[in-house]
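Here is the structure we will look at, set down as structure tokens.
The values are calculated or read from the model by the stated rules, or taken from the named source; none is laboratory data. Please read these numbers as outputs of a predicted model, since none were measured by experiment. All Cβ positions, glycine included, derive from the backbone under ideal geometry; neighbour counts span all protein chains shown. The protein model used for the area step is the full one, side chains on, heavy atoms only, and it has no ligands, DNA or RNA in it. Shrake-Rupley method; radii C 1.70, N 1.55, O 1.52, S 1.80 Å.
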Amino acid sequence: MHRAAAVAGIVAVSAIHATARQATFSSKVEVVRVDVLVTDGGKPVSGLQPGDFEIRDDGVLQTVDLVASEKIPLNVILALDSSGSVSGERLDDLQKASRALLERLNPRDKAALLTFSHAISLRMKLTSDIGRVRDALNGAAPSGGTALVDATYAAMQLEAADGGRNLLIVFSDGLDTASWLDPERVIASARRSEVVVYSATSREAEDSRFLEDLTETTGGGLVKIASTKDLSAAFLRILDEFRNRYLVSYSPAGVSTSGWHRLQVRLKGRRGTVKARAGYQAGS
């Protein structure tokens with residue numbers, strides 16, 4: 001019964017967006033976009049230009065065409081655990097943190113809300129009407145198990161191909177008890193996506209391995225909190241960090257038009273720590 005509910009949720013979310021969402025990479029990759037975080041001493045580095053970056057695609061040096069940052073609108077997707085363990089004060093803390101994040105969005109940004117227990121519910125598709133997303137937070141009644149892997153896959157399908165930067169924030173506090181999708185298949189799907197995944201989870205959560213692999217694959221990050229009272233600070237820290245990232249693009253040259261491409265992103269002639277996705281999947 002639980003599995004059927006999760007499947008129905010994934011199918012419904014995918015169907016809503018099947019016509020609007022195009023595959024990120026076709027058989028011929030024309031432009032690759034890489035979301036890059038550059039820090040020095042833990043603080044974001046600003047003012048970088050194309051000439052400051054070195055990108056190698058499968059070992060082949062590429063020419064960076066464009067570097068953009070905070071002026072590009074964000075598409076923020078919230079995937080929130082609404083299983084039976086997230087109730088009472090935990091639910092209040094989660095809703096408070098989500099509202100705080102939504103309040104920080106700019107007028108051109110969009111947001112979406114998906115909740116999950118053993119079933120997956122799309123509360124609000126991507127919209128610039130942030131008030132509607134905020135109102136949708138009140139609709140979740142915690143119950144049932146946790147389909148974390150399935151919900152993450154469904155949430156990734158909400159990314160928009162509108163030129164914005166796609167950020168997925170996943171919160172879960174427990175063990176996945178209801179998913180039917182294979183975690184490795186979901187991570188493989190993330191390789192075809194431009195979404196950057198961040199996750200906030202409790203320190204005692206037993207399912208952090210999947211989230212660790214997913215966030216590393218997409219170039220995001222995993223934040224472990226001691227209590228849901230720390231969620232507001234965690235969500236705002238994730239948003240601030242994402243805003244300070246660069247969107248670096250290039251037109252692939254001298255590489256295959258299919259298969260997995262390993263990416264290496266470095267700085268030239270200056271100090272800094274670089275975080276970016278491990279690579280991308282080209283071809284059908």
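The table for this structure:
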{"item": "Residue match in the range 125-135 (condition: open to solvent by less than 30 Å² (accessible area, probe 1.4 Å) and more than 19 Å from the chain's Cα centre (by Cα))", "result": "yes"}
{"item": "Residue in the range 203-224 that is closer than 29 Å to Arg104 by Cα, surrounded by 21 or more Cβ atoms within 10 Å (Cβ to Cβ), of a type in the set (S, T, N, Q) and under 19 Å from the mean Cα position of the chain (by Cα) present", "result": "yes"}
{"item": "Cβ-Cβ under 9 Å pairs, at least 6 apart or on other chains, the range 118-133 side farther than 16 Å from Asn166 by Cα and in contact (Cβ under 8 Å) with a residue 40 or more places away in the chain, far side open to solvent by less than 40 Å² (accessible area, probe 1.4 Å) and among the charged types (D, E, K, R)", "result": "Ile120/Asp150"}
{"item": "Pair list, Cβ under 9 Å, 6 or more apart: the range 65-81 residue closer than 12 Å to Arg108 by Cβ and open to solvent by less than 10 Å² (accessible area, probe 1.4 Å), other residue part of a loop (DSSP other than H, G, I, E, B) and among the small types (Gly, Ala, Ser)", "result": "Leu74/Gly164; Asn75/Ala160; Asn75/Gly164"}
{"item": "Neighbours by Cβ (under 6 Å, 6+ apart or cross-chain): first from the range 180-194, at pLDDT below 95; second in a helix (DSSP H, G or I) and open to solvent by 80 Å² or more (accessible area, probe 1.4 Å)", "result": "Trp180/Arg3"}
{"item": "The lone exception for Ala100 - which of (1) surrounded by 19 or more Cβ atoms within 10 Å (Cβ to Cβ); (2) touching a helix residue (DSSP H, G or I) at 6+ places or on another chain (Cβ under 6 Å); (3) among the aliphatic types (A, V, I, L, M) it fails", "result": "(1)"}
{"item": "Residue within the range 145-162 that is in contact (Cβ under 8 Å) with a residue 40 or more places away in the chain, under 19 Å from the mean Cα position of the chain (by Cα) and surrounded by fewer than 20 Cβ atoms within 10 Å (Cβ to Cβ) present", "result": "yes"}
